[in-house]
């Protein structure tokens, strides 16, 4: 155990949409009983890619005592996990993350996904 950054999910704000699940490459976040949950703290690397995708603002990073991040635990978890996720789509072209890399971002106050091909157009207009 050590002090480190870890994702905190406010259950009262969470509407269970699942948009935070896909950006978590480690699989630390799942929808449980209609709410997002960090299922095992050692799976959360604290990178926070999930935070910007939440339309409710339910996810934050906090520094607190938590088990150390474990790459081995992530590998074991990924091996036992079925590919049960919602593939996010680029808001411009509609291609999904199984086809091309997509990134979470905010535009006009909304959390959206954009693929790497459409990102320059979003940035430069």
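What whole-number distance in Å separates the alpha-carbon centres of the range 74-125 and the range 32-70?
Taking the Cα centre of each part, the range 74-125 and the range 32-70 sit 18 Å apart.
Gaussian network model of the chain, Cα springs within a sub-10 Å range: biggest mean-square fluctuation belongs to which of 69, 49, 91?
For the chain, modelled as a Gaussian network with Cα springs under 10 Å, the answer is 91.
Starting with the fewest neighbours, write out 98, 45, 33 ranked by other beta-carbon atoms found within 10 Å of each beta-carbon.
Placing the least packed residue first, the sequence is 33, 98, 45.
Sort 50-62, 99-111 by packing, meaning the average of other beta carbons within 10 Å per residue, with the highest value first.
Result, highest mean Cβ count within 10 Å first: 50-62, 99-111.
Let me make sure I get this right: for the chain, a, b and c are the square roots of the gyration tensor eigenvalues over alpha carbons, sorted descending. Under 1.5 in a/c it's rounded, otherwise prolate if a/b > b/c, else oblate. Which is it?
Prolate is the answer for the chain, as a/c is 1.5 or above and a/b outweighs b/c.
Taking 0.36 nm per residue of separation and subtracting the Cα-Cα distance, what length does fully extending residue 75 through residue 60 add?
2.9 nm
Per-residue counts of other Cβ atoms within 10 Å, averaged by peptide: what ranking do you get for 5-13, 24-32, highest first?
So the order, starting with the most tightly packed, is 24-32, 5-13.
If I model a spin label at residue 47 and residue 5 as a point 7 Å from the Cα along the Cα→Cβ vector, what separation in nanometres do I get?
Modelled inter-label distance: 1.2 nm.
So between residue 25 and residue 93, what do we pick up on full extension, going 0.36 nm a residue minus the alpha carbon distance?
The residue 25-residue 93 span can extend by a further 22.2 nm.
Laboratory data are not the source of any read-out in this text; all were calculated from the coordinates shown. From a predicted model like this one, the values you see are computed outputs, not experimental measurements. Backbone-built Cβ (ideal geometry, glycine too); neighbour counts: all protein chains shown.
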